[in-house]
1. Would you pick out the residues in region 20-38 that are in contact with a helix residue (DSSP H, G or I) (Cβ under 7 Å, 6 or more places away or on another chain) and either buried (at least 18 other Cβ atoms within 10 Å of the Cβ) or assigned by TED's automatic domain parsing to the domain that holds residue 195 (or both)?
2. Kindly check whether there is at least one residue in region 9-19 that is crowded, with 17+ Cβ neighbours inside 10 Å, modelled with pLDDT under 95 and under 22 Å from residue 57 (Cβ atoms).
3. Checking the conditions here, which among 103, 39, 90 is in a helix (DSSP H, G or I) and without any contact (Cβ under 8 Å) to a residue 40 or more places away in the chain?
4. Tally time: how many residues in region 64-97 are more than 21 Å from residue 121 (Cβ to Cβ) and touching a strand residue (DSSP E or B) at 6+ places or on another chain (Cβ under 8 Å)?
5. Taking the condition in contact (Cβ under 8 Å) with a residue 40 or more places away in the chain, outside the structural domain of residue 135 (by TED's automatic domain parsing), out of contact with any strand residue (DSSP E or B) (no Cβ under 8 Å at 6 or more places or on another chain) and under 30 Å from residue 266 (Cβ atoms), does residue 292 pass?
6. Please work out which one of (1) under 21 Å from residue 253 (Cβ atoms); (2) in a loop (DSSP other than H, G, I, E, B) is the condition residue 314 fails and give its number.
7. How about region 159-195: which of its residues are over 20 Å from the mean Cα position of the chain (by Cα), surrounded by 16 or more Cβ atoms within 10 Å (Cβ to Cβ) and in a strand (DSSP E or B)?
8. Quickly run through region 135-158 and pick out the residues that are assigned to a loop (DSSP other than H, G, I, E, B) and at pLDDT 95 or above.
């Protein structure tokens, strides 16, 4: 027995490779979702309409056929179930046959280069829409789940990106194929079909990961804010990965949350504060800097963290006197968290050392004292900020 896992492109024989067509014609049975099978009903071959990997594997194991063709939309290497299916057939010979993926087809229709494209699949799941668009010149969205092209356009507008150029492709490869072009604000009420893709083009994308944003850039209030020099040190020290989950405890204005969000483009930041003003400021700064991967939680941090997903990185800028409980919960969810705490007072520093000892983790302590200059009556004077202790978890 040999199983051919075939990418059939858009589902139209005209955009299938010759190798894929030959494999389909030579197969003893065709397996795939109804939409995949439909174009080949004329071959009068036995078919098994199914898209769930477990059911396909069960059928294959019970089959006596020698050549089995499993049909996948697009290409086997682009957000496809091909890899998972092959892994479930370790004792069966399998072969992937490439197809034409939706971005390849769509970008050729738009006469655009796709070598610098960023790809986001929203097929049956959510994703960081605005953050992706802000960080890349071209972002291709594979749709088909609960998130529609209209939802993306509305979200871009809510985050101040209403002028982003948008290209929507519907029913690609079929007779009713349609391509619509406009700005995000022009397409907030547009109703696209279920089989849709979307390209967002942003010529003003971020050409580097912003770090050490000027304090004046943030929307400020009366709540504390981690200053630029401290923030740079904290965020860099956490070594945040692109798909990490981060906690910002005592988020204040959300300045650390924003810089965390820049780093975890495919992950998310959980920002927590008990002060309603802080929650409002963090939400406002999230919108200003295009960070839809920040989720804001109002309330007691020691209780809220129990509901949050396991973190990779944790920053504690203010704990409301419940640091012990917060860190315990974080460690229970992930023993290998990267942890950083800032302290202004010696009492807080002492508390941190005791908590680190309690949980058997070693602290690395640094003190930073920042002094800025300012002009007074023609003279350049020194103006010192309060020294800050940075307590970081040390890995040996």
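The values are calculated or read from the model by the stated rules, or taken from the named source; none is laboratory data. This one's a predicted model, so the numbers in the text were calculated from it and none came from an experiment. With ideal geometry, Cβ positions are generated from the backbone for all residues, glycine too; neighbour counts draw on all protein chains shown.
1. Within region 20-38, 24, 30, 31 meet the criteria.
2. No, because not a single residue in region 9-19 is crowded, with 17+ Cβ neighbours inside 10 Å, modelled with pLDDT under 95 and under 22 Å from residue 57 (Cβ atoms).
3. 39
4. Looking only at that region, the number is 11.
5. Answer is yes for this residue.
6. Going through the list (1) under 21 Å from residue 253 (Cβ atoms); (2) in a loop (DSSP other than H, G, I, E, B), residue 314 breaks only (2).
7. Answer for region 159-195, where residues must be over 20 Å from the mean Cα position of the chain (by Cα), surrounded by 16 or more Cβ atoms within 10 Å (Cβ to Cβ) and in a strand (DSSP E or B): 167, 168, 169, 170, 180, 183.
8. 136, 137
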